[in-house]
Amino acid sequence: MPVPVPPLGTFDHLPQTKEDLPWADLPTVDLSLYSNPANRLALANALITAVREKGFFYVKNFGVSAEAVDRQFALCKAFYDLPLATKMQYTNPDFAKGAFNGYMPMGRVVVDPNTGLKDKVEVYNIPSTSVLPDDVASLIMLPRKTTEFSSDFAHNHPEPVADSVAEIEGFVRELQTKIIEPLLTLVAIALELPEDYLVKLHTYDVKSEDHLRYMKCGKYSPDENARLAAWVPGHTDLGSFTLLFRQPVAGLQIADPVTNEWKWVKPQNGLLTVNTCDALQLLTGGYVRSTIHRVHPPPIDQQHVDRLGVLYFSRPHNHVGLATIRESPVLRREGYVKNPFEASGNPVPTMEEWTFAKQKWQRTGYLGPNSASKEVLPGFPEKVYT
């Protein structure tokens, strides 16, 4: 039975910028080849090269329709069109402790110390293991979640998100099965591990901090943009993979791993932007790269609009320890046998411990006056990149 779809209107993407920017030269992985097992080794080698050399790459033919993606952008826009007082009802009371599900308002930090100008970034995070009522779960033919998750991720949403929970759940399930699991399988093949080795650490129905994000970077005036180094400062992501759906307002930049120069990531029709993150870097002892990235003020011809984003963050199960994978012959041969925690002799955190330690730093301290460097956990220094 199809998922009921409430009317939202259409979502029109902005035309591409006409500015000639220093675009990053990123590889593209074609997931249409994945269905044939004979192609997987070559595809795995291409992917592992991409995540080692760049950390960012494009994916094409990933099996999720443009219409489904545009529906999520429409939901994103509808959420941010709500009055601030309504959105504020969905802020997380444990925000300062590193919690992140729910609404995060703008104005947390000063982005221009000379004028006191504050940030205009808003975030709404939806946990992927949100509990669905029995009648809603049956509509999309999904099993009822176990009671283990009910106290962890019970989550209320405002309209129109509340009216579209089943649709959002179906969308996230597609991301998991059509994109995340194939990518994890290919990395496992490249590491000469059993194909399902990493997939087993990321199964959907085991507690994790996976989440879908609706993000809005509000526009500034041209004069304000000229003074700003970034709308969102340079950082790395926490988990395994981040999926960034087409954001026609250019702004994403990566720090080129070879030259350290900031390069723009071009939003392209039909392509999904993906980056590897901290958890995979830790699990592979640094063999896989978690690349630094930021959101820069858009080019001049796109500075008149807000920048909306739909992103999905995939993370290992909360209980997974982030020690280097000893079973990989590749990591042993190449000498990637210790991550920073192991090399320093400090305890190796679980994914849950790592998530909330770094998230707390990001939420409460990493943009403050003492943000240059901090040991987020013993043995792991972090810093803001500009």
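What number of residues in segment 326-359 are part of a strand (DSSP E or B) and either over 25 Å from LYS97 (Cβ atoms) or acidic (Asp, Glu) (or both)?
Filtering segment 326-359 down to residues part of a strand (DSSP E or B) leaves 350.
The next check asks that each one be either over 25 Å from LYS97 (Cβ atoms) or acidic (Asp, Glu) (or both); those that pass are none.
Residues that pass the stated criteria total 0.
Hey, ALA343 hits all of (1) surrounded by fewer than 19 Cβ atoms within 10 Å (Cβ to Cβ); (2) aliphatic (A, V, I, L, M); (3) in contact (Cβ under 8 Å) with a residue 60 or more places away in the chain but one; which does it fall short on?
Tallying (1) surrounded by fewer than 19 Cβ atoms within 10 Å (Cβ to Cβ); (2) aliphatic (A, V, I, L, M); (3) in contact (Cβ under 8 Å) with a residue 60 or more places away in the chain, ALA343 fails exactly one: (3).
Can you confirm whether ASP30 is of a type in the set (Asp, Glu) and at pLDDT 95 or above? Give the steps one after another, and end with the answer.
Details: of a type in the set (Asp, Glu): yes; at pLDDT 95 or above: yes.
It is true that ASP30 is of a type in the set (Asp, Glu) and at pLDDT 95 or above.
Looking only at residues in segment 317-336 that are among the β-branched types (Val, Ile, Thr) and buried (at least 17 other Cβ atoms within 10 Å of the Cβ), which one is farthest from GLN281 (Cα to Cα)?
Here is the first cut: in segment 317-336, the ones among the β-branched types (Val, Ile, Thr) are 320, 324-325, 330.
From what is left, the residues that are buried (at least 17 other Cβ atoms within 10 Å of the Cβ) are 320, 324-325.
On the way: VAL320: 14, THR324: 9, ILE325: 11 Å.
Ranking the qualifying residues of segment 317-336, first place goes to VAL320.
Restricting attention to segment 304-335, report how many residues are closer than 24 Å to LEU26 by Cβ and in contact with a helix residue (DSSP H, G or I) (Cβ under 8 Å, 6 or more places away or on another chain). Lay out the reasoning, then the answer.
Residues of segment 304-335 that are closer than 24 Å to LEU26 by Cβ, as a first pass: 307-315, 330, 334.
Next, from what is left, pick out any that are in contact with a helix residue (DSSP H, G or I) (Cβ under 8 Å, 6 or more places away or on another chain): 308-310, 312, 314-315, 330.
Here the count works out to 7.
Residues being without any contact (Cβ under 8 Å) to a residue 40 or more places away in the chain, over 20 Å from the mean Cα position of the chain (by Cα) and part of a loop (DSSP other than H, G, I, E, B): count how many of those fall in segment 26-60.
2
Considering only segment 75-121, how many residues are in a helix (DSSP H, G or I) and crowded, with 20+ Cβ neighbours inside 10 Å?
Going through segment 75-121, the residues in a helix (DSSP H, G or I) turn out to be 75-80, 84-88, 95-97.
Restricting the remaining residues to those that are crowded, with 20+ Cβ neighbours inside 10 Å gives 75-76, 78-79.
Counting residues in segment 75-121 that are in a helix (DSSP H, G or I) and crowded, with 20+ Cβ neighbours inside 10 Å gives 4.
Out of segment 93-109, which residues are more than 18 Å from the chain's Cα centre (by Cα) and touching a residue at least 12 places away in the same chain (Cβ under 8 Å)?
Here is the first cut: in segment 93-109, the residues more than 18 Å from the chain's Cα centre (by Cα) are 93-97, 105-109.
The answer is PHE95, ALA96, LYS97, PRO105, MET106, GLY107, ARG108, VAL109.
Take the residues in segment 26-56 that are among the small types (Gly, Ala, Ser) and within 12 Å of ARG289 (Cα to Cα), then tell me which one is surrounded by the most Cβ atoms within 10 Å (Cβ to Cβ). Can you show your working first?
Keep residues of segment 26-56 that are among the small types (Gly, Ala, Ser), which gives 32, 35, 38, 42, 44, 46, 50, 55.
After this cut, where a residue has to be within 12 Å of ARG289 (Cα to Cα) as well, the list is 50, 55.
Values: ALA50: 21, GLY55: 25.
Residue satisfying both the conditions and the ranking: GLY55.
Hey, can you tell me all the residues within segment 227-273 that are under 28 Å from GLU353 (Cβ atoms) and polar (S, T, N, Q)?
The initial filter retains those residues of segment 227-273 that are under 28 Å from GLU353 (Cβ atoms), namely 232-244, 254-255, 257.
Once the filter is applied, which keeps residues that are under 28 Å from GLU353 (Cβ atoms) and polar (S, T, N, Q), segment 227-273 yields THR236, SER240, THR242.
Quick check: is even one residue across segment 265-287 farther than 26 Å from ARG363 by Cα, of a type in the set (D, E, K, R), out of contact with any Lys or Arg (no Cβ under 9 Å at 6 or more places or on another chain) and at pLDDT below 95?
Restricting attention to segment 265-287, the residues satisfying the condition of being farther than 26 Å from ARG363 by Cα are 266-272, 284-285, 287.
Checking the rest, the ones that are also of a type in the set (D, E, K, R) come to 266.
Okay, now just the ones that are also out of contact with any Lys or Arg (no Cβ under 9 Å at 6 or more places or on another chain), so 266.
Retained after the next criterion (residues that are at pLDDT below 95): 266.
Scanning segment 265-287, I find at least one residue that is farther than 26 Å from ARG363 by Cα, of a type in the set (D, E, K, R), out of contact with any Lys or Arg (no Cβ under 9 Å at 6 or more places or on another chain) and at pLDDT below 95, so the answer is yes.
How many of the residues in segment 291-323 are at pLDDT 95 or above and hydroxyl-bearing (Ser, Thr, Tyr)?
2
Scan segment 147-205 residue by residue and report those that are of a type in the set (Ser, Thr, Tyr), within 22 Å of the chain's Cα centre (by Cα) and at pLDDT below 95.
Scanning segment 147-205 gives SER164, THR203, TYR204.
Here is a yes/no grid of residues against (1) more than 26 Å from LEU84 (Cα to Cα); (2) among the small types (Gly, Ala, Ser):
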| residue | (1), (2) |
| --- | --- |
| SER208 | yes, yes |
| THR242 | yes, no |
| PRO248 | no, no |
| PRO257 | yes, no |
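Quickly run through segment 204-249 and pick out the residues that are hydroxyl-bearing (Ser, Thr, Tyr), within 21 Å of VAL274 (Cβ to Cβ) and out of contact with any strand residue (DSSP E or B) (no Cβ under 6 Å at 6 or more places or on another chain). Write out each step before concluding.
Here is the first cut: in segment 204-249, the residues hydroxyl-bearing (Ser, Thr, Tyr) are 204, 208, 214, 220-221, 236, 240, 242.
Keeping just the survivors that are within 21 Å of VAL274 (Cβ to Cβ) gives 204, 208, 214, 236, 240, 242.
Matches in segment 204-249: TYR204, THR236.
Is there a residue in segment 276-297 that is more than 28 Å from GLY63 (Cβ to Cβ), buried (at least 20 other Cβ atoms within 10 Å of the Cβ), under 17 Å from the mean Cα position of the chain (by Cα) and among the charged types (D, E, K, R)?
Yes.
Find the residue count for segment 260-303, including only residues that are out of contact with any helix residue (DSSP H, G or I) (no Cβ under 9 Å at 6 or more places or on another chain), more than 30 Å from ILE189 (Cβ to Cβ) and β-branched (Val, Ile, Thr).
Going through segment 260-303 one residue at a time, the tally reaches 1.
State whether the residues of segment 220-243 include one that is touching a Lys or Arg at 6+ places or on another chain (Cβ under 9 Å), farther than 23 Å from ILE300 by Cα and among the charged types (D, E, K, R).
Checked segment 220-243: no residue is touching a Lys or Arg at 6+ places or on another chain (Cβ under 9 Å), farther than 23 Å from ILE300 by Cα and among the charged types (D, E, K, R).
Tally the residues that are touching a Pro at 6+ places or on another chain (Cβ under 7 Å) and either surrounded by 20 or more Cβ atoms within 10 Å (Cβ to Cβ) or closer than 28 Å to PHE73 by Cβ (or both), restricting the search to segment 182-209.
Qualifying residue count, segment 182-209: 4.
The values are calculated or read from the model by the stated rules, or taken from the named source; none is laboratory data. Everything numeric in this text was worked out from a predicted model, so none of it was measured. Methodologically, a virtual Cβ is constructed for each residue, glycine included, from the backbone with ideal geometry; neighbour enumeration extends over all protein chains shown.
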